[in-house]
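Beneath this line is the structure, given in structure tokens, with notes to follow.
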Amino acid sequence: MTDQELLGEIQDTLLEPNDGGLTFPSGLWTRQEVVDAVSDAQNQLLKATQLQIGFAAIDVLAGQARVALPEDWLITWNVVWIGDDDGPVREVVRASQFEFAHAHPLGLVTEGTPEVYFDNDQPLLQLQIAPAPNTGGTLIVWYVPEGPALGGVLAEPLAVPDEWASTVKYGALADLFGKDGRGRSPERAQYCRGRFDLGIEITRMILRSTWVGP
Amino acid sequence: MAYQSITRAQLRTQLQAKWEGVPFWTDAEANWAINEALRTWQLLTGRWKGRIVLSTAPSQYEYPLASTILYRTTVTFNGLPMTPSSYTDLSAGRPRWRQETTASGGDVPRRPTVWVPISLGLIAIWPADAAGHNGLAVDGVATTPVLTDDAEYVNLPSADLDPLLGFALHVASLKRGGVYFQQTLPDYQAFLQAAAEQNQILTTSDLFRRWAGLDDRALKPLQSPSAPKGLAVASAGGDQ
């Protein structure tokens, strides 16, 4: 499903004429508001469920502890270290500065093969590995990427499969019905928020490996 | 073989019979409501299945899946079943799994025996097939066969259509809100209950059971009311 098709369905629900999301003549919502609501709902769904996974291969120099994450990064899923020159391939697990410091209380381990990564107490869009690598290598960062920009001139496919498009729609409608003004509909906003939450719940069940369907 | 008893046009006529004659909804709205019902049904029940066959590449352990498969359920290698696992378990049990192939020797199997899901459209196998050019068959839940033409048949038995039509009516009535929308909530619950009959795993979710009206709070008098907040306020009459 494309963004224009979804915007058209939203227009139908908001009693606006369906023109693929081009105009909202009632004045109750602007086009940009609606597009932003859809983008936000999509990204919330992606972040909450980790429905789609992307990866980035980041070159790391010897002694470099912090690396820059891609700009579309939402949440880290997994990190793998690959040393240069057929060096070790090691899973780098999530930890915290506190855990690493207590695992090495004497502070003697400053360089080596990365064991852990932290992304919660660093500046945004930065990831720290510890210990810092004593040789160069590549960090494969598996992460949940943001969806692409929506609402452009050309129809853009959603970042989620069509079966999840309605979850995105209800997430957006929850914001739009909740907007203060003549278009406000608090009961429908709460209903749509509930449908969005149920969509997230179903998605999490599907992504567990035990989901086998009927 | 697919069911060929009811077309989109016929299904839309049945849906339009459920709402009053005033043309509050267009044919196009009825069509997308029907397709949303089909997609949601597929999401909840995995009714339509599919299979894709990939050819393994030498020493490759990750395989992207075609978009015709929504999510995977079983994987076989040259017709032999592979065991599902999780990425965490595989990484914990075999830390060097990425570097192991069927030619590694030692305790590494001589054919891929384990598969793990990484995301909806990506799986990994262990060990990687050193030789390549073998068949990897992935069975799974297919993408929804939505209806794009009035002459297309809906691939479902007629017994499954009533809850779908009720859900389509419920989806369309959100536009009106108020009492009209309130009156379609039982149709939504009936749809969820029908989905739960097809897929019992849904009933393991407390949130799902509450939305589907399957949670008998009479047995739990000290707990809060059963309906989720959004459903409760909509049931109270909406905002008109």
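Placing a label point 7 Å from the Cα of B:K49 along the Cα-to-Cβ direction, the residues of the range B:185-200 whose backbone N falls under 15 Å of that point are B:199. With bins 10 Å wide beginning at 0, the percent of Cα pairs of chain A falling in each bin runs 8, 27, 24, 19, 14, 6, 1. Axis angle, to the nearest 10 degrees, between helix A:31-49 and the longest C-alpha principal axis of chain A: 40 degrees. Legend: Rg and Dmax of the protein assembly as shown, from Cα coordinates, 24.8, 79 Å. Our coupling estimate for the range B:10-19, obtained by passing each phi through the Karplus curve with A = 6.51, B = -1.76, C = 1.60 and θ = phi - 60°, is 5, 5, 5, 4, 5, 5, 5, 6, 7, 10 Hz, Gly and Pro reported as x.
Global dimensions of the range B:77-146 from alpha-carbon coordinates: Rg and Dmax equal 13.2, 49 Å. In plain terms, if you count all Cα to Cα distances in the range A:1-114 and split them into 10 Å steps from zero, the share in each step is 11, 27, 22, 15, 13, 10, 2 percent. Enclosing the Cα atoms of the range B:106-151 in their convex hull gives a volume equal to 112 cubic angstrom per residue. If the elastic network links every pair of Cα atoms under 10 Å, which of B:I52, B:I201, B:I123 fluctuates the most in the Gaussian network model of chain B? Of the options given, B:I201 has the highest mean-square fluctuation. Taken one residue at a time, the phi angles of the range B:28-43 give Karplus couplings (6.51, -1.76, 1.60, θ = phi - 60°) of 5, 5, 4, 5, 6, 5, 5, 5, 5, 4, 5, 5, 5, 4, 5, 5 Hz. Gly and Pro are set to x. Specify the angular offset, from 0 to 90 degrees and rounded to the nearest 10, of the alpha carbon long axis of helix B:185-198 from the longest principal axis of the alpha carbons in chain B. Roughly 30 degrees between the two axes. Length, then width, then depth: along the principal axes, the Cα atoms of chain B run 71, 53, 26 Å.
Comparing B:Q182, B:Q99, B:Q16 in a Gaussian network model of chain B, where Cα atoms under 10 Å apart are tied by springs, the biggest mean-square fluctuation is seen for B:Q99.
Here, each number is a calculation from the coordinates, and none is a lab measurement. Just so it is clear, the structure is predicted and the values come from calculations on it, not from any experiment. For neighbour counting, all protein chains shown are included, and Cβ atoms are generated from backbone atoms with ideal geometry for every residue, glycine included.
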